[in-house]
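The values are calculated or read from the model by the stated rules, or taken from the named source; none is laboratory data. Every value quoted in this text rests on a predicted model; they were computed, and no experiment measured them. Here Cβ is always computed from backbone atoms with ideal geometry, including for glycine, and neighbour counts include all displayed protein chains.
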Amino acid sequence: MVRNLAAFSEAVTGADSSSLVEVRGQCVRHSEERDTPKMYCSAEGEWLVPIGKCVCSAGYEERRDACVACELGFYKSAPGDQLCARCPPHSHSAAPAAQACRCDLSYFRAALDPPSAACTRPPSAPVNLISSVNGTSVTLEWAPPLDRGGRSDITYNAVCRRCPWALGHCETCGGSTRFVPQQTSLVQASLLVANLLAHMNYSFWIEAVNGVSDLSPEPRRAAVVNITTNQAAPSQVVVIRQERAGQTSVSLLWQEPEQPNGIILEYEIKYYEKDKEMQSYSTLKAVTTRATVSGLKPGTRYVFQVRARTSAGCGRFSQAMEVETGKPRPRYDTRTIVWICLTLITGLVVLLLLVICKKRHCGYSKAFQHSDEEKMHYQNGQAPPPVFLPLHHPPGKIPEPQFYAEPHTYEEPGRAGRGFTREIEASRIHIEKIIGSGESGEVCYGHLQVPGQRDMPVAIKALKAGYTERQRRDFLSEASIMGQFDHPNIIRLEGVVTRGQLAMIVTEYMENGSLDTFLRTHDGQFTIMQLVGMLRGVGAGMRYLSDLGYVHRDLAARNVLVDGNLVCKVSDFGLSRVLEDDPDAAYTTTGGKIPIRWTAPEAIAFRTFSSASDVWSFGVVMWEVLAYGERPYWNMTNRDVISSVEEGYRLPAPMGCPRALHQLMLDCWHKDRAQRPRFSQIVSVLDTLIRSPESLRATATVNRCLAPTPALPTPAPPAPAALPACPRQGPDLVQALGWLCPDPWTRPSLVL
């Protein structure tokens with residue numbers, strides 16, 4: 001069969017009724033892969049979940065599951081789903097399957113023009129060029145060309161030629177000529193040309209260009225105007241420097257202007273005290289390029305400027321130069337010098353006496369105390385040691401209802417940590433071995449010394465060296481999250497270590513590690529009732545988090561820890577995320593990574609996380625537990641998982657999975673998040689199944705042989721729960737409940 005321009009051949013189905021065989025398709029002729037085309041062959045011999053597709057190559061379009069060549073006069077520039085397009089104006093295609101259309105004669109296409117752009121030509125010359133001469137400057141204005149060549153990117157270039165009277169030909173204008181705003185690539189239709197020579201003939205050419213002017217072999221067309229400059233004032237004096245500066249006079253030297261524009265009659269020197277130009281200034285006339293200004297104040301800073309004058313008028317003043325006149329020398333008599341010496345000697349003697357007195361009678365100041373001495377005083381008992389306070393509530397005391405507070409909303413970074421955590425002295429922690437590695441540090445096993453109690457086994461996570469202040473703040477903010485939780489199915493925070501360079505988070509130690517690894521290690525060694533009991537513990541913990549308004553976002557079996565009594569506790573609030581070996585394990589989007597296989601569709605598409613998205617993740621956790629830690633969706637890629645789930649595919653029931661549990665999974669995976677059950681409803685359903693073991697006997701798939709239950713520890717009851725009493729229906733039911741009701745005839749209530 002051909003699907004999405006990809007041909008799929010026959011394939012052999014898998015041996016297992018729940019397995020899917022991936023088959024890769026081959027693109028038809030004159031097509032290429034856009035996304036790898038593939039489908040899945042079910043055990044019933046049906047094609048499922050078409051993924052990927054092929055698209056027709058450039059010069060070909062799709063017709064009836066095939067790619068055919070574009071006709072004459074049509075083209076297709078790139079591979080894709082689009083059809084062949086008609087050649088743009090002033091272009092044609094020379095053969096079928098054209099990828100671009102060639103321009104007609106005298107028409108061109110710029111390098112940056114797309115193949116769909118029409119071919120164009122250079123513009124005509126500007127019109128109505130007029131000039132206005134003002135001394136040695138000229139203003140040019142013109143109108144746009146009548147023929148723009150079919151383009152809108154019109155700019156203008158100016159060409160200046162100087163035509164001396166004695167020569168029979170023109171030459172390029174000198175480098176001193178100034179064009180305002182610029183000489184080439186003008187956008188507006190006006191230009192000012194300055195610094196021209198006086199009484200000189202000039203010729204100006206204004207040419208219009210566009211994006212294809214450089215491609216045309218024909219010469220550019222321009223508008224021409226000829227002008228003659230008038231008499232003008234001299235240009236600005238270039239250099240002015242100081243020859244000599246006395247107490248009341250300053251000698252100056254300067255050079256003639258580069259363009260005198262006639263005979264210089266005289267120079268005018270303007271000078272004034274600095275910052276007093278608006279109050280008064282003086283002038284001095286000079287015939288040569290040297291002058292001495294007298295009658296100045298001693299020790300005063302003056303500003304000098306010079307300009308030249310011809311019969312046409314005065315030029316511009318030169319740049320300002322600052323000069324400071326000499327200061328008068330102070331004169332002291334012999335008596336004054338003697339008094340100064342006596343005063344200095346007396347002050348020195350008094351200073352020495354004060355130093356000696358301080359050494360003998362005042363002792364050393366604390367400000368000069370060595371830092372090591374301060375540390376010794378601190379260690380010798382002058383500062384009281386910190387007192388360890390248990391973070392969790394005393395047994396039997398139920399905390400008041402509370403709501404989760406987001407640590408990142410606090411203005412001060414450490415305010416949330418001080419409010420929800422307890423500081424532990426680093427000397428009370430003894431690390432024994434490394435048991436794992438996370439994104440931000442290593443996870444270790446050790447013991448915590450509690451005053452008046454036995455050492456407590458704990459898990460310690462230390463922040464990696466070389467961290468930034470932001471990483472440290474984010475690291476400790478996760479402890480602020482855990483510090484708000486107090487539930488037997490939520491990992492317990494013992495405290496944090498923040499004093500010093502090494503930051504650590506200390507939690508209770510869970511002997512059996514993560515739930516997925518634990519189940520894979522003991523594959524097939526638990527009864528259905530034991531597995532349901534584990535799920536009930538996870539659901540109770542998530543119900544507690546949901547009631548607080550907290551959204552976990554990463555609920556998975558790898559983030560559930562199991563202690564020595566098989567009590568499951570929700571963990572991983574950003575503290576010790578496991579890095580999977582598969583680099584495709586998380587789907588990266590703007591704002592971070594998302595675990596695709598455990599995340600609800602709306603959270604993947606719109607990053608909309610809620611308690612309903614956590615319910616979806618709990619359904620995947622149920623599948624992991626019933627499949628003994630098997631990878632959800634097996635070896636399908638994340639892209640295939642997204643496409644399959646979006647088209648309605650759901651994970652099949654694992655081997656031996658009761659029909660009631662698989663139905664609960666499907667309810668958690670409802671596409672409409674409003675139709676998914678709440679965690680309180682999930683816990684209630686699990687309690688009902690535990691009280692009615694006969695409802696767990698009907699399986700959704702063929703039962704597989706389960707190995708005898710090993711002598712593993714059973715989940716210990718965390719605290720008395722208000723659940724109905726164990727049903728009294730005879731020894732068979734008691735034996736089925738097993739670890740749930742160890743003494744059903746005397747125990748008043750069912751404890752999980």
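General remarks:
- Residue count for the range 89-121, restricted to those that are part of a loop (DSSP other than H, G, I, E, B) and either closer than 16 Å to ARG151 by Cβ or of a type outside the set (A, V, I, L, M) (or both): 21.
- If the condition is being among the polar types (S, T, N, Q) and either modelled with pLDDT under 85 or farther than 14 Å from GLN305 by Cα (or both), then the range 251-267 contributes GLN259, ASN261.
- Unique residue being surrounded by 13 or more Cβ atoms within 10 Å (Cβ to Cβ) and within 30 Å of SER132 (Cα to Cα) when the list is VAL238, VAL293, VAL225: VAL225
- Residue within the range 457-476 that is closer than 17 Å to SER571 by Cβ, touching a residue at least 40 places away in the same chain (Cβ under 8 Å) and in contact with a Lys or Arg (Cβ under 6 Å, 6 or more places away or on another chain) present: no
- Options MET504, MET482: the member that is in contact with a Lys or Arg (Cβ under 7 Å, 6 or more places away or on another chain) and not hydroxyl-bearing (Ser, Thr, Tyr): MET504
- Note on the range 480-531: residues that are at positive phi and crowded, with 17+ Cβ neighbours inside 10 Å total 1.
- Residue match in the range 98-106 (condition: over 20 Å from LEU192 (Cα atoms), of a type in the set (Gly, Ala, Ser) and in contact with a Pro (Cβ under 8 Å, 6 or more places away or on another chain)): yes
- Every residue from the range 449-472 that is buried (at least 17 other Cβ atoms within 10 Å of the Cβ), closer than 25 Å to LEU555 by Cβ and out of contact with any Phe, Trp or Tyr (no Cβ under 8 Å at 6 or more places or on another chain): LYS461
- Of the residues LEU265, LEU296, the single one that is farther than 15 Å from THR325 by Cα and hydrophobic (A, V, I, L, M, F, W, C) is LEU265.
- Within the range 401-437, being surrounded by fewer than 18 Cβ atoms within 10 Å (Cβ to Cβ), of a type outside the set (Lys, Arg), modelled with pLDDT under 70 and out of contact with any Gly (no Cβ under 6 Å at 6 or more places or on another chain) holds for PRO401, GLN402, ALA405, GLU406, HIS408, THR409, TYR410, GLU411, GLU412, PRO413, GLY414, GLY419.
- Cβ-Cβ distances below 7 Å connect the following pairs, each with a first residue in the range 631-650 that is closer than 14 Å to TRP616 by Cβ, a second residue that is aliphatic (A, V, I, L, M) and in a helix (DSSP H, G or I), and a separation of six or more residues or different chains: PRO632/VAL620; TYR633/VAL641; VAL641/ILE596; ILE642/ILE596; ILE642/ILE604; ARG650/LEU666.
- Search result, residues across the range 664-691 that are without any contact (Cβ under 8 Å) to a residue 12 or more places away in the chain and either assigned to a helix (DSSP H, G or I) or closer than 19 Å to GLY533 by Cβ (or both): GLN675, GLN681, SER684, THR688
- Of all residues making up the range 598-639, the number that are over 27 Å from GLY524 (Cβ atoms), touching a strand residue (DSSP E or B) at 6+ places or on another chain (Cβ under 9 Å) and either modelled with pLDDT of 95 or more or surrounded by 24 or more Cβ atoms within 10 Å (Cβ to Cβ) (or both): 1
- Selection within the range 274-301 - in contact (Cβ under 8 Å) with a residue 24 or more places away in the chain, among the β-branched types (Val, Ile, Thr) and assigned to a loop (DSSP other than H, G, I, E, B): THR289, THR300
- Of everything in the range 302-323 that is hydrophobic (A, V, I, L, M, F, W, C), assigned to a loop (DSSP other than H, G, I, E, B) and touching a strand residue (DSSP E or B) at 6+ places or on another chain (Cβ under 7 Å), the residue that is surrounded by the most Cβ atoms within 10 Å (Cβ to Cβ) is PHE317.
- Selection over the range 1-18 of residues that are in a loop (DSSP other than H, G, I, E, B) and in contact (Cβ under 8 Å) with a residue 40 or more places away in the chain gives a count of 5.
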